[in-house]
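This report concerns only the one structure given below.
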Amino acid sequence: MIGISACLGGSCCRYDGKNQEIPQLRKMLEMNEAIQVCPEVLGGLPIPRDPAEIIGGDGFDVWRGTAVVRTNRGEDVTDMFKAGAKRAYEILKANQVTSLVLKDKSPSCGSQLIYDGTFSGTQIVGVGVATAYFIMQGISVQSDTQWRKSKETDN
């Protein structure tokens, strides 16, 4: 069983109320080969919601207490991001998930790239809050981009 970002499975749970569906991942959900989680929604954030970025580092820095997650209006949503990561992990653990496909560039799920905290669209190498937590718990994580590339080479 793999876990996926809910937006990749077709759930309209992104900050803008949209999804980033990958049809093959949705099919895996329909065949009960995958489960989906959205750490931001599990943390209590609404749909839609203000965009948020990590300020002062990446997800590992958030867990170390040296970075925070703020919305574009300046609201500190760090605690909600951390709570959502923990709730998502409990769901994944209960379903014996050992690998994840997560949406890159997300302040929760990014595993290769995230935005730099300036709300300018600038990307940096780093991981999101949930991804950092999942990695610390021993779950293998790949981005949606990495997953797509691996499927192309399988064909």
(message) If neighbour count is taken as other Cβ atoms inside 10 Å, put 62, 37, 68 in order from fewest to most.
(response) 68, 62, 37
(request) Could you line up 58, 79 from fewest to most neighbouring Cβ atoms inside 10 Å? (result) 79, 58
(request) Provide the packing ranking of 81-94, 138-151, i.e. peptides ordered by the mean count of other C-beta atoms within 10 Å per residue, highest first. (result) 81-94, 138-151
(message) Using the Cα centre of segment 2-154 as the reference point, and only Cβ charges (+1 on K/R, -1 on D/E), how large is the resulting charge dipole? Debye, rounded to the nearest 20.
(response) 180 debye
(request) List, in the order given, every pair from 18/103; 27/82; 105/149; 27/103; 18/82; 18/93 whose Cα-Cα distance in the structure shown is over 20 Å. (result) 27/82; 18/82; 18/93
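Using the number of other C-beta atoms within 10 angstrom as an exposure proxy, rank 29, 102 with the fewest first. Don't skip to the end; give the middle numbers.
Details: 29 17, 102 28.
With the sparsest Cβ surroundings first, the list reads 29, 102.
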(request) For the chain, restrict the atom set to alpha-carbon positions and state the Rg and Dmax in Å. (result) 14.4, 45
(message) Charges on Cβ only, +1 for Lys and Arg, -1 for Asp and Glu, centred on the Cα centroid of segment 2-154; of 123, 38, 91, which one is farthest towards the dipole's positive end?
(response) 91
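Every read-out reported here was derived from the displayed coordinates using simple, explicitly stated rules and does not represent laboratory data. Source: prediction; values computed, not measured. Cβ coordinates were reconstructed from backbone atoms using ideal geometry, including for glycine residues, and neighbour counts include every protein chain displayed.
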